[in-house]
1. Would you mind checking which residues have amide H under 5 Å from V53's amide H? H placed 1.01 Å from N; only 5 or more apart, or other chain.
2. Quote the relative contact order of region 7-140 in percent (integer), defining contacts as alpha-carbon pairs under 8 Å separated by 6+ residues.
3. By how many nm would the segment from E294 to K97 lengthen if fully extended, with 0.36 nm per residue of separation less the alpha-carbon distance?
4. Sum -39500 (n - 2.57) across every DSSP H segment of at least 4 residues in the chain, then divide by the residue count to get the 222 nm mean residue ellipticity, nearest 500.
5. Past 27 Å, Cα to Cα: identify those pairs from K393/K435; K233/K336; K315/K346, in the order given.
6. If amide hydrogens are placed 1.01 Å from N in the peptide plane, which non-local residues have theirs closer than 5 Å to the one on V272?
7. Sequence-distant or interchain residues sharing an amide H contact under 5 Å with Y457, placed H: which?
8. Which chymotrypsin sites (Phe, Trp or Tyr not before Pro) in region 8-90 sit in a loop by DSSP (not H, G, I, E or B) and have at most 13 other Cβ atoms within 10 Å of their own Cβ?
Amino acid sequence: MEIERGNVLIVDDEKNICVIIKETFEDIGWTTDTCGSIKEGVEKIRSGFYDVVITDLKLPDGRGEDFLKIVKETNPDIEVIVLTAYGTVESAVEAMKSGAFDYILKGGKAWIDELKITSIKALERKRLKEENRRLWKEVFKEFSFENIVGRSKVMLDIFDLIRRVAAVDTPVLIEGESGTGKELVARAIHHNSLRRGKPFVAINCASIPETLVESELFGHIKGAFTGAYTSKKGLFEVGDGGTVFLDEIGDLPLNTQAKILRFLQEKTFQPVGSTEVKKVDVRIICATNKSLKEEMLNGRFREDLFYRINVVTIKLPPLRERKEDIPLLVRHFVEKFSKELKKEIKGVSDEAMEMLINYSYPGNVRELENIIIGAITLETSDIIQADTLLMLKKNRGATTEITLEPLGDGFNLEKVIGDMEKRYVKIALEKANGKQTKAAEFLGITPRQLRYLIEKYGLK
């Protein structure tokens, strides 16, 4: 069988070892490069292309474990094999925990043949990861639309509907439970329309106090009300030429609904406290997690406004009704947040995936996203395990939904992850009655790592 050719960097300060390894790999058609220190190795890694790195654990200017970390930070796809003497096997095992493919006892019986076979296997794994990534990109391209992921028929139909409505400036009403991705759909419509180069302005009508809604939408002049020390543009004016997304429009007070209706009819408005009539050109996209028809029957939503905004309706299904999309979403979130959190998580175990598929997701896609972030944060292996999901579920107590911090201005992912990490450390310490060794076992980390976290978050 023909052996696939690879590129290998050999890092060892013993020149005779470098020569032996170099000749062995050149005999099977590999391209080789050698150096004798971490400094040289780092320079080569940053300027060259390698499939496999073979490094000794003891180098003149540092430890092989430190070089391994630099390699993985520079290019996580490079497979690293460490060479060790009999007295440093424990260090080699630690190196594997840090991402090494394998370790070889240097100078042992037939060690060079073992190194060759191991390197070939490492290259095969690298090629397999590259092929999986290529196939994933093809799948993601086929079954995603502007960061909305799905392969179910209902989602593919929604992708088609987005393309159709994007081309025409008709009002669109997006219906769906919280967490189904209504704003993503609104952004997708905007980014595929002729207005794509203009502003996309989103406002959550439910989050603004009733007394400030009109000021936020239409703006105000100086002195219009107590606290109006300066004039301010409203979101309709800010979004001129683009798209204004009114999320949870069903929560608007009736008097503001009347002004929205007038704006939709005439494209004009008056800032609060002003007699000046302003005209802007915006497309309105609305969203709701309520039944606006029921709201109309109960007198909480204007019938004329409903028919004005409901020209085309896009109904987003809850995640529990499109479970076939869950594996695709999981893969998407694992890849996305592994990079953001700088952790090498390759996927999800079969048992963990079954748990994720069978869950009901009252918080929909947003809740799944949050679960994956939590699992990546707590996972100590390179595959998300069922035990990690059970730990998340157990520590959530009686609630069925993880509380999410809403995305928007001021959102900080590192702070959210830090708060979550601090919370689990506190839970583990309480469960272990303050015994750090036991708490570390609960968290799947070493006591030294736990002491660092206790100090970091001031939990003494």
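Each reported figure results from applying straightforward, stated rules to the coordinates on display, with no laboratory input. All values derive from a computational prediction rather than experimental measurement. Because the Cβ atoms are built from the backbone with ideal geometry, glycine has one as well, and the counts that use them run over all protein chains shown.
1. Here L9, E79, V80, I81 satisfy the definition.
2. Relative contact order for region 7-140 comes out at 20 percent.
3. Between E294 and K97, full extension yields 65.2 nm more.
4. -15000 deg cm²/dmol
5. Over 27 Å apart, Cα to Cα: K233/K336; K315/K346.
6. Correct list: G219, H220, I221.
7. none
8. Of the chymotrypsin sites (Phe, Trp or Tyr not before Pro), the ones in loops of region 8-90 whose Cβ has at most 13 other Cβ atoms within 10 Å are F49.
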